[in-house]
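*Asks:* One structure is given below, represented as structure tokens, and several questions about it will come after.
Nothing in this text is a laboratory measurement; each read-out follows from the coordinates by a stated rule. As the structure is a prediction and not an experimental result, all values here were calculated from the model. Neighbour counts are summed over all protein chains in view; Cβ atoms, including those assigned to glycine, are modelled from backbone coordinates with ideal geometry.
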Amino acid sequence: MSKAGELRGQGREALEKQLLELLKEQFNLRMQKGSGQLSRPSQFKTVRREIARIKTVLAEQAATVGPQ
């Protein structure tokens, strides 16, 4: 099963919590980059893509449920 497929099996609240954690991690990576302490620059790409996956799944769920 793909990453997006695994995410689709989770509830909205779990996805939002995971998204918040990833956004915090992205912020910390930016701060490390700014101070010259970033050890793995490739981590930016990974975090960015994971955030995009979660946002996509949340948008799909919202489209199937409809406006509330």
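*Asks:* Which one of these does Ala4 not meet: (1) farther than 19 Å from Ala62 by Cβ; (2) in a helix (DSSP H, G or I); (3) of a type outside the set (Asp, Glu)?
*Replies:* All conditions are met except number (1).
*Asks:* Could you tell me how many of the residues in the stretch 5-36 are of a type in the set (A, V, I, L, M, F, W, C), more than 11 Å from the chain's Cα centre (by Cα) and either within 13 Å of Ala52 (Cα to Cα) or surrounded by 13 or more Cβ atoms within 10 Å (Cβ to Cβ) (or both)? Write out each step before concluding.
*Replies:* Looking only at the stretch 5-36, we keep the residues that are of a type in the set (A, V, I, L, M, F, W, C), and these are 7, 14-15, 19-20, 22-23, 27, 29, 31.
After this cut, where a residue has to be more than 11 Å from the chain's Cα centre (by Cα) as well, the list is 14, 27, 29, 31.
Imposing the further condition that a residue be either within 13 Å of Ala52 (Cα to Cα) or surrounded by 13 or more Cβ atoms within 10 Å (Cβ to Cβ) (or both) reduces the set to 29.
Number of matching residues: 1.
*Asks:* Now, a different point. Mind listing whichever residues of the stretch 16-39 are closer than 25 Å to Ala62 by Cα and aliphatic (A, V, I, L, M)?
*Replies:* Across the stretch 16-39, the qualifying residues are Leu19, Leu20, Leu22, Leu23.
*Asks:* Suppose the filter is among the hydrophobic types (A, V, I, L, M, F, W, C), in a helix (DSSP H, G or I) and under 14 Å from the mean Cα position of the chain (by Cα); does Ala63 pass it? Write out each step before concluding.
*Replies:* Values: among the hydrophobic types (A, V, I, L, M, F, W, C): yes; in a helix (DSSP H, G or I): yes; under 14 Å from the mean Cα position of the chain (by Cα): no.
In short, no.
*Asks:* When you check Arg48 against the structure, is it part of a helix (DSSP H, G or I), among the basic types (Lys, Arg), surrounded by 11 or more Cβ atoms within 10 Å (Cβ to Cβ) and touching a residue at least 40 places away in the same chain (Cβ under 8 Å), yes or no? Before the answer, list the steps.
*Replies:* Numbers: part of a helix (DSSP H, G or I): yes; among the basic types (Lys, Arg): yes; surrounded by 11 or more Cβ atoms within 10 Å (Cβ to Cβ): yes; touching a residue at least 40 places away in the same chain (Cβ under 8 Å): no.
So Arg48 fails the test.
*Asks:* Something else: Say we look at the stretch 51-68 and pick out the residues that are in contact (Cβ under 8 Å) with a residue 40 or more places away in the chain and not polar (S, T, N, Q); which of these is surrounded by the fewest Cβ atoms within 10 Å (Cβ to Cβ)?
*Replies:* Glu60
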